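The values are calculated or read from the model by the stated rules, or taken from the named source; none is laboratory data. Computed from a prediction, not measured in an experiment: that's the story for all the values here. Note that we place each Cβ from the backbone using ideal geometry, even for glycine, and neighbour counts take in every protein chain shown. Quick note on the areas: whole protein, heavy atoms, side chains included, nothing else; ligands and nucleic acids left out. Shrake-Rupley method; radii C 1.70, N 1.55, O 1.52, S 1.80 Å.
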Amino acid sequence: MVHSDFIAVAALAVSIISFLIQFRHASEQKKIDAEMRVKETNRQLSTLGFSHPELFKVLDDQPASARIERAYLQLWLNLYEQIFLDGKRGAFSREFYEGLKRDMRAFFSQKNMQRHWQEHKIYYQTPFQNYANLLLPNEASTTE
């Protein structure tokens, strides 16, 4: 191998390593961005509850106006569908996604969310329907 060949191979190796480092950094940045979007949406939905205290009744699984309950649960359900889709794409760190799945499971344990899901699940993609049905407590998931 000639000296210039060695330099060319070394330059190629450095370029490949540099590309891999940049790719990994971009992937990590995308995960951070996705996590921040989820946190921001969650904050907005919670802030909405402070502005309209009746919404907190929905989060506490208490009776609220049917219209308000439906709209607020729909916002949360849409967020959870997006979380599911982003999670399947690997958009979150493993620990963050595990926490989100625990939050979703807790939300789907609420009676008002179970009623809402049974009425509106047909509007969601089948993979999300299947996943959400797994989040339901056993007695709720068998009442189809």
Query raised in the report: Excluding same-chain residues fewer than 8 positions from LYS121, which aspartates and glutamates have a Cα within less than 20 Å of its Cα?
Result: ASP61, GLU69, GLU81, ASP86, ASP103, GLU139, GLU144
Query - Spin-label proximity, ASP61 to the range 115-137 - amide N less than 16 Å from point 7 Å beyond Cα toward beta carbon - result: 115-118, 135-137
Query raised in the report: Between SER93, SER51, SER15, which gets the highest mean-square fluctuation from a Gaussian network model of the chain, Cα cutoff 10 Å?
Result: SER15
Report summary line: Computed about the Cα centre, the charge dipole of the chain from +1 Lys/Arg and -1 Asp/Glu charges at the Cβ has a magnitude in debye, to the nearest 20, of 80 debye
**Report entry** Cα convex hull volume per residue for the chain (Å³)
**Finding:** 138 Å³
Query raised in the report: With the other protein chains left in place, how much accessible area per residue, in square angstrom, belongs to the chain at a 1.4 angstrom probe?
Result: 66 Å²
Query - Over the chain: helical MRE at 222 nm, DSSP H runs n ≥ 4 each giving -39500 (n - 2.57), nearest 500 - result: -27000 deg cm²/dmol
Report summary line: For HIS3 the rounded accessible area (nearest 10 Å², probe 1.4 Å, non-protein molecules ignored) is 130 Å²
Query raised in the report: What accessible area, in Å² to the nearest ten, does a 1.4 Å probe give for SER4?
Result: 70 Å²
